[in-house]
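Single-structure report; data block below.
The values are calculated or read from the model by the stated rules, or taken from the named source; none is laboratory data. Please read all numbers here as calculations on a predicted model, not as lab measurements. Neighbour counts are summed over all protein chains in view; Cβ atoms, including those assigned to glycine, are modelled from backbone coordinates with ideal geometry. When the accessible area is computed, the model is the full protein with side chains, heavy atoms only, and any ligands, DNA or RNA have been set aside. Shrake-Rupley method; radii C 1.70, N 1.55, O 1.52, S 1.80 Å.
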Amino acid sequence: MDNTDARNDPVVTSYAKAPARTVTAGGVSYAYRELGPKGGIPVVFFVHLAATLDNWDPRIIDPIAKNRHVITFDQPGVGASTGRVPDNIEAMADDAYTFIKALGFDKIDVFSFSLDGMIAQDLALKHPDRVRKLVLTGTGPRGGKDIDKVVGTTYRDILRATLTRSDPKEFLFFNRNATGKPAAKAFIKRLQERTEDRDKPISPRAFQTQLKAIQAFGRSAPSDLSTLTHPTLIANGDNDRMVPSVLSEDLHRRIKGSELIIYPDSGHGGIFQHHTRFAPAVVEFLAP
């Protein structure tokens, strides 16, 4: 990767057009995309279970990239990144740290969703000086009640989606009601806005390993989140079936001074369903 050329590129603020790049560190070639104006503290996006670079909602990324340098990346063994998916969250946090260091960032803002909200917590606990602000969405704390049940929920909804020829995220992320169903379709459609240079889908083996890591995280002793002093924004829908919404409240209680937003009539993908409200809120929270 030639960073000098990258710096001279015109500023891209649309995720659909964000250039795909790679950087090699620790024997792994990390696939990532970047957009927004360079300089200042970048916002690094940590994606969800089974997701690749193609799974970020542009309606959330684009408003942030208007004024901030934004990076999205694939963990080892996911999408176009090489290497293997570790079977525990701590090792995933170590990999994320390796990636951030490889790009030369001393400090970052973290935007995380679902599985990667768990990784983000471990990263911030292990390297508190590397993180300035923390956004934790659709996630919960280590040892959180019923996190380990995500495996059963996920497989059931994948089966339901297969039978109806739908995307599993329509079942996993959204309520199956009059507001949830159209929101799900609109979200899936937005994920298709990038038509060229798309990422590789996750392999079944990598997906199963991620599920194993979540299960272990749910069954572990809790981390001491009282040591986190970063400004933290926590958000979710009020009916998250994957990582129960009460766990967002649990995180809020454990992280002193954190802000909590719970969106009504929405599930795990509440921030995507309510993107018109959430995007401005997160832009304001992440302001320098």
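The table for this structure:
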| quantity | calculated |
| --- | --- |
| Candidates Q75, Q121, Q192: whichever shows maximal mean-square fluctuation once the chain is modelled as a Gaussian network with Cα springs under 10 Å | Q192 |
| Highest-MSF residue in the chain out of T52, T276, T232 [GNM, Cα springs under 10 Å] | T276 |
| Answer label for Cα Rg over 2.2 N^0.38 Å (calculated), chosen among [x] 1.02; [y] 0.92; [z] 1.25 | [y] |
| Pairs of lysine residues in the range 154-288 - Cα separation under 25 Å, sequence separation of 8 or more or cross-chain | 9 |
| DSSP-assigned coil residues among chymotrypsin sites (Phe, Trp or Tyr not before Pro) in the range 137-236, each with at most 10 further Cβ atoms within 10 Å | none |
| Label point distance in nm, R84-E193, each placed 7 Å from Cα along Cα→Cβ | 3.8 |
| Portion, in percent, of the accessible area of the range 82-228 that falls on carbon or sulfur, probe 1.4 Å | 52 |
| DSSP-assigned coil residues among trypsin sites (Lys or Arg not before Pro) in the range 51-141, each with at most 16 further Cβ atoms within 10 Å | K66, R84, K107 |
| Where only C-alpha atoms are counted, convex hull volume of the range 199-263 per residue in Å³ | 134 |
| Charge sum, other residues only, whose C-beta stays under 12 Å from A287's C-beta, Lys/Arg counted +1 and Asp/Glu -1 | +2 |
| Exposed-loop-free span, longest in the chain, where GluC sites (Glu not before Pro) count as exposed if DSSP calls them loop and at most 15 other C-beta atoms lie within 10 Å | 1-192 |
| Simple spin-label estimate for L260 and V151 in nanometres, 7 Å along Cα-Cβ | 2.9 |
| Tail beyond 24 Å, pair distance distribution of the range 127-230 (Cα, percent) | 43 |
| Part-to-part distance (alpha-carbon centres) for the range 85-139 and the range 221-246, which is given in Å | 14 |
| Gaussian network model of the chain, Cα within-10 Å springs - most flexible of G269, G39, G218 | G39 |
| Leading residue at positive end of dipole, the chain (Cβ point charges), from G83, V246, P128 | V246 |
| Heavy-atom accessible area per residue - the range 202-288, 1.4 Å, Å² | 45 |
| The chain: calculated mean residue ellipticity at 222 nm from DSSP helix runs of at least 4, using -39500 (n - 2.57) | -11000 deg cm²/dmol |
| Solvent-accessible area per residue for the range 66-181 (1.4 angstrom probe, square angstrom) | 38 |
| Unit charges on C-beta of K, R, D, E only; dipole of the chain, Debye | 440 |
